[in-house]
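Report on the following structure.
The values are calculated or read from the model by the stated rules, or taken from the named source; none is laboratory data. Fair warning: this is a prediction, and the values are worked out from it, not measured in the lab. Heads up, the Cβs are rebuilt from the backbone with ideal geometry, glycines too, and the neighbour counts pull from every protein chain shown. The protein model used for the area step is the full one, side chains on, heavy atoms only, and it has no ligands, DNA or RNA in it. Shrake-Rupley method; radii C 1.70, N 1.55, O 1.52, S 1.80 Å.
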Amino acid sequence: MKNINFIFLSLMWFTLLITGCGKASTNETSADKEAVSAVSSSLVNRADDGRIIVGISMPDQQLERWNRDGAFLKSEFEKYGYEVILSFADNLIDKQISELRNMIDEGVDLVVVSAIDGGTLSSVLDEASQAGVKVIAYDRLLMDTDIVDYYVSFDNYMVGELQARYVIDALKLDASDETRNIEIVTGDPVDNNARYFYNGEMDTLVPYFEKGKLNIVSGQKDFYVTATGTWSTEIAQQRMQIILNSYYKHNRLDAVVCANDSTALGAVNAIRSDYSQDNKVIVTGQDADVENVYNILSGNQSMTVFKALKNEAIVTVDLTRAVLEGDSPDEKLIEESGWDFECRYDTTSYNNGRKNVKSYLLIPKVLDSSNIQKELFDTGYYTYDSDGNIILGE
Ligand code: BGC
């Protein structure tokens, strides 16, 4: 972008002047040298040809949602004539770092990053900042860095609250004194969201543990003990199989609070293979992935928390446009954009260890067999192909 390049150009002239027109002065420190190299490399890297390039760095392609996020973001950006570099890091941190570095080298103006591990990108984000690249954390917060301009996500704490509240209502805990047994399946501990989902669930469930209405027979309650590395279906399934065989041969399992749909698939598979009692086990999820929608329609999964990814992409793109126009967006962006969905501006809930990150938070929604047709099919989000398979709508 022109104005950023102008600043760099001025900075470089200034640097050249004080270093004797490019010759390193004898008492130049290594910090000075780094500064000169940062400035000149940023000049080399910045495109000043009227193109606006946005980098999108997604964590992986295994989970349905990130493919969709990538596609929605790309097409929304392209509507405004932006060039897009889209990459998926296969859940490999080094790959995500090198993809971001390539984007900086390609001259991106802004990167939208959904980190595999929010705490591992600080140094490549420093490089981005030195090159004048703006940074938006997408869905997952970037941790331990000052180099994050904004965060766009859903209200992650509310996701956990909705899952827990669903279990409380489905088991009619408020109308009975019976003790019901539940197990907890948390997400990947290196994903900052996992903690918010967990806190939302636990804060809602704790009063029921205290009243003796809920019990965790395995005793596995803590965040790390219940965590699922990389949100893997297989890891969740294996853990649940062990729990079922160790604790539920004679006890009835009433519910499994799973943080998302990939872990819910694991829990449902384990219940099918290793649970022999005939009660229906309530299983929660998040994302409304296709396989989970099948499971909800067939009664194997009870609910999912739906997050309209297209709206998350729309907020990100409108925010990007404002940032690249040199604005400092705040709650006014919500009014000015005229979105037809709810979004909240929040400056206090997401501290990344360095600062409160200015956030735009969308509102998640509970789906179960009672409203899935209306919310996902009647709206065209999903449709059926000619063989009767669920596919993404237009
Ligand atoms: C996202 C969830 C997703 C999970 C696993 C979280 O950060 O918010 O929607 O299910 O990652 O990819």
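The conditions of being within 16 Å of the ligand (Cβ to nearest atom) and touching a residue at least 60 places away in the same chain (Cβ under 8 Å) are not met by residue 109. For the stretch 229-255, the candidate set comprises residues that are away from the ligand (no atom under 16 Å from the Cβ) and β-branched (Val, Ile, Thr); within that set, the residue that is least open to solvent (accessible area, probe 1.4 Å) is 243.
Of everything listed in (1) closer than 14 Å to residue 317 by Cβ; (2) out of contact with any strand residue (DSSP E or B) (no Cβ under 7 Å at 6 or more places or on another chain); (3) not hydroxyl-bearing (Ser, Thr, Tyr), the single unmet condition for residue 86 is (2).
Checking each residue in the stretch 133-167 for being more than 21 Å from residue 348 (Cα to Cα) and surrounded by fewer than 19 Cβ atoms within 10 Å (Cβ to Cβ) picks out only 165. Within the stretch 343-394, the set of residues being assigned to a loop (DSSP other than H, G, I, E, B) and hydrophobic (A, V, I, L, M, F, W, C) comprises 357, 363.
Against the numbered list (1) open to solvent by 10 Å² or more (accessible area, probe 1.4 Å); (2) away from the ligand (no atom under 15 Å from the Cβ); (3) touching a Leu at 6+ places or on another chain (Cβ under 9 Å), residue 320 comes up short only at (1). Just so you know, in the stretch 195-205 the residues that are open to solvent by less than 10 Å² (accessible area, probe 1.4 Å) and of a type outside the set (Gly, Ala, Ser) include one that is farthest from the ligand (Cβ to nearest atom), and it is 205. Taken over the stretch 263-288, the residue count meeting the criterion of being open to solvent by less than 10 Å² (accessible area, probe 1.4 Å) and under 22 Å from the mean Cα position of the chain (by Cα) is 9.
Checking each residue in the stretch 356-384 for being among the acidic types (Asp, Glu) and more than 19 Å from residue 309 (Cβ to Cβ) picks out only 368.
Within the stretch 137-168, the set of residues being under 20 Å from residue 333 (Cβ atoms) and more than 16 Å from the ligand (Cβ to nearest atom) comprises 149, 150.
Here 332, 307 are screened, and the one residue that is at pLDDT 95 or above, over 20 Å from residue 139 (Cβ atoms) and among the basic types (Lys, Arg) is 332. Looking at this structure, is residue 346 open to solvent by 50 Å² or more (accessible area, probe 1.4 Å), of a type outside the set (Gly, Ala, Ser) and under 18 Å from residue 153 (Cα atoms)? When the stated conditions are applied, residue 346 does not pass them. Just so you know, in the stretch 289-314 the residues that are out of contact with any helix residue (DSSP H, G or I) (no Cβ under 8 Å at 6 or more places or on another chain) and part of a helix (DSSP H, G or I) include one that is least open to solvent (accessible area, probe 1.4 Å), and it is 311. Taking first residues from the stretch 228-254 that are under 19 Å from residue 63 (Cα atoms) and partners that are of a type in the set (D, E, K, R), the Cβ contacts under 7 Å between residues at least 6 apart in sequence or on separate chains come to 228/188; 229/188; 230/188; 231/188. Screening residue 340 with (1) in a loop (DSSP other than H, G, I, E, B); (2) without any contact (Cβ under 8 Å) to a residue 12 or more places away in the chain; (3) surrounded by 15 or more Cβ atoms within 10 Å (Cβ to Cβ); (4) not polar (S, T, N, Q) gives one miss only, at (3). Pairing each residue of the stretch 47-66 that is open to solvent by 70 Å² or more (accessible area, probe 1.4 Å) with any residue that is more than 16 Å from the ligand (Cβ to nearest atom) and not polar (S, T, N, Q), provided the two are 6+ apart or on different chains, yields C-beta distances under 7 Å for 48/2; 51/83.
Considering only residues in the stretch 174-194 that are aliphatic (A, V, I, L, M) and under 21 Å from residue 277 (Cα atoms), the one that is farthest from the ligand (Cβ to nearest atom) turns out to be 182.
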